[in-house]
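Here's the structure we're looking at; comments come further down.
The values are calculated or read from the model by the stated rules, or taken from the named source; none is laboratory data. This one's a predicted model, so the numbers in the text were calculated from it and none came from an experiment. Heads up, the Cβs are rebuilt from the backbone with ideal geometry, glycines too, and the neighbour counts pull from every protein chain shown.
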């Protein structure tokens, strides 16, 4: 097989090797530092986007707020990273043949029933809480978990441990220890 064919076959796999994906994230992190002198992070993109949305309704006075003076509501490389994650996920799922639109996943249906409004409400509430937590912690799983830990920042290691403990505890509460 040619190298391009091998790469295409790899991209079509349902599950990728975590080692290969980890190397890819590592290369992306190195490029981010080399090209922008900034670490990878996503939660700031959501904060910037909220400022851009607020600017639509309230005008330029949004830029006077202290928070938006620090995190200017503009499309920057972090916003483009988040957009790239969504587009890349879509292409990955499409290439592997696993893409499907699903409002209520089977695991959720088994535990909480098929009500799409409950699922959407829970997802929205979880997203808001995660967003608030990420801003409160000064970063998200990509900011702390990737960029902060590779810089050996103690605060990032504490945050990552908290992410795992919180994730496991939440999964156990919502779906039980046995899955």
### Query
Does residue 77 satisfy being under 16 Å from the mean Cα position of the chain (by Cα) and either surrounded by 11 or more Cβ atoms within 10 Å (Cβ to Cβ) or farther than 26 Å from residue 176 by Cα (or both)?
yes
### Task
State yes or no: is residue 71 surrounded by 10 or more Cβ atoms within 10 Å (Cβ to Cβ), within 15 Å of the chain's Cα centre (by Cα) and free of Cβ contacts under 8 Å to residues at least 60 places away in the same chain?
no
### Message
If the requirement is being closer than 26 Å to residue 174 by Cα, touching a helix residue (DSSP H, G or I) at 6+ places or on another chain (Cβ under 7 Å) and loosely packed, with under 12 Cβ neighbours inside 10 Å, which of these qualifies: 129, 107?
### Response
107
### Counted residues, segment 95-129 - those being in contact (Cβ under 8 Å) with a residue 60 or more places away in the chain and within 27 Å of residue 50 (Cβ to Cβ)
0
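I'd like the full set of residues that are over 17 Å from the mean Cα position of the chain (by Cα) and surrounded by 12 or more Cβ atoms within 10 Å (Cβ to Cβ), limited to segment 13-29.
Taking segment 13-29 as the starting set, the residues that turn out to be over 17 Å from the mean Cα position of the chain (by Cα) are 13-17, 19-20, 23, 27.
Correct list: 13, 16.
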#### Entry: Of all residues making up segment 122-179, the number that are outside any helix (DSSP H, G or I), on the phi < 0 side of the Ramachandran plot and under 14 Å from the mean Cα position of the chain (by Cα)
3
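Considering each residue of segment 1-29, count those that are farther than 28 Å from residue 78 by Cα and at pLDDT 75 or above, and give that number. Step through it out loud before you land on a result.
Filtering segment 1-29 down to residues farther than 28 Å from residue 78 by Cα leaves 1-6, 9.
Filter once more, so that each one left must be at pLDDT 75 or above: 5, 9.
Selection size over segment 1-29: 2.
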### Task
Return only the number of the condition from (1) under 22 Å from residue 163 (Cβ atoms); (2) without any contact (Cβ under 8 Å) to a residue 60 or more places away in the chain; (3) in contact with a helix residue (DSSP H, G or I) (Cβ under 6 Å, 6 or more places away or on another chain) that residue 140 does not satisfy.
(2)
### Query
Which numbered condition trips up residue 99, out of (1) farther than 21 Å from residue 39 by Cα; (2) in a helix (DSSP H, G or I)?
(2)
